[in-house]
Amino acid sequence: MLRAPGRRNPEQELLIVFADLTRFMAGARGTPDATLADLVDDYYRFAESQVTKSGGRIVKFMGDAFLAVWPGDRAAAAAASLPALKRDADAWWARKGWESRLVVKAHFGRAVAGPFGENGRFDVIGNEVNIAATLPARTIAISPEAFRCLGEAERKGWKKHTPQVVYIPSDDPRP
């Protein structure tokens, strides 16, 4: 359950999605602030309608990006709908005359959802949220955990991508 007012829910399974626009800053340059604000407001409304119609919730907008979650029992349908979300968002921006395209990163895992801070702002916290945020993507990328949410028929629309291997110095702190 994503909407427990007044108190945090216990850790729960969620499909966690980060979505961000390419080339937004390039389009924003030279656009009057009031015009840009109206455009972003329209986009927020569009994104919210796309996410909520599949049972999800926008956790927050961050400029031209957003974080959204779906409860575990809706993860399969939500993950299957991500290509349509991208396609519809790309078409929305194209109709506005912008070259922006949506990049979508999705991961399935456990996180804590609920009100945080003095004002009780809804948020989602946990290591799995960080995994979703850091998935490498140019268009859409879903983690193996999100992929496993898909049914056999939906899996046919996806392929495994193994990024190029790189070498780093042995004293680099990364694992």
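What follows is calculated from the coordinates using simple rules that are stated; it is not laboratory data. This is a predicted model, so every value here is computed, not measured. Cβ placement follows ideal geometry from the backbone for every residue including glycine, while neighbour counts extend to all protein chains displayed.
Observations on the model:
- Residue-wise HN-Hα coupling along region 60-71, computed from phi with Karplus coefficients 6.51, -1.76, 1.60 (Hz; x: Gly, Pro): 6, 9, 10, x, 8, 10, 8, 10, 9, 9, 10, x
- Value of [θ]222 nm, deg cm²/dmol, for the chain, DSSP H segments ≥ 4, -39500 (n - 2.57) each, nearest 500: -10500 deg cm²/dmol
- Cross-link table K53/K96; K86/K156; K60/K86; K86/K160; K96/K156; K53/K105, entries beyond 27 Å C-alpha to C-alpha: K96/K156
- Charge tally around E145: other residues with Cβ under 14 Å, Lys/Arg +1 each, Asp/Glu -1 each, net +3.
- Summed side-chain charge close to G157 - residues other than G157 whose Cβ falls under 13 Å, Lys, Arg +1, Asp, Glu -1: +4
- Largest GNM mean-square fluctuation among R29, R74, R110, using the chain with Cα springs under 10 Å: R29.
- Amide proton proximity set for D123, modelled H, under 5 Å, gap of 5+: G114, F116
- Charge tally around V103: other residues with Cβ under 9 Å, Lys/Arg +1 each, Asp/Glu -1 each, net +3.
- What the phi angles of region 131-146 give under the Karplus curve with 6.51, -1.76 and 1.60, with θ = phi - 60°, is a coupling list of 4, 4, 5, 9, 4, x, 7, 10, 10, 9, 9, 10, 6, x, 5, 5 Hz, glycine and proline written as x.
- Length, then width, then depth: along the principal axes, the Cα atoms of region 38-175 run 49, 41, 32 Å.
- Label zone at T139 (point 7 Å along Cα-to-Cβ), backbone N below 15 Å, region 13-54: 22
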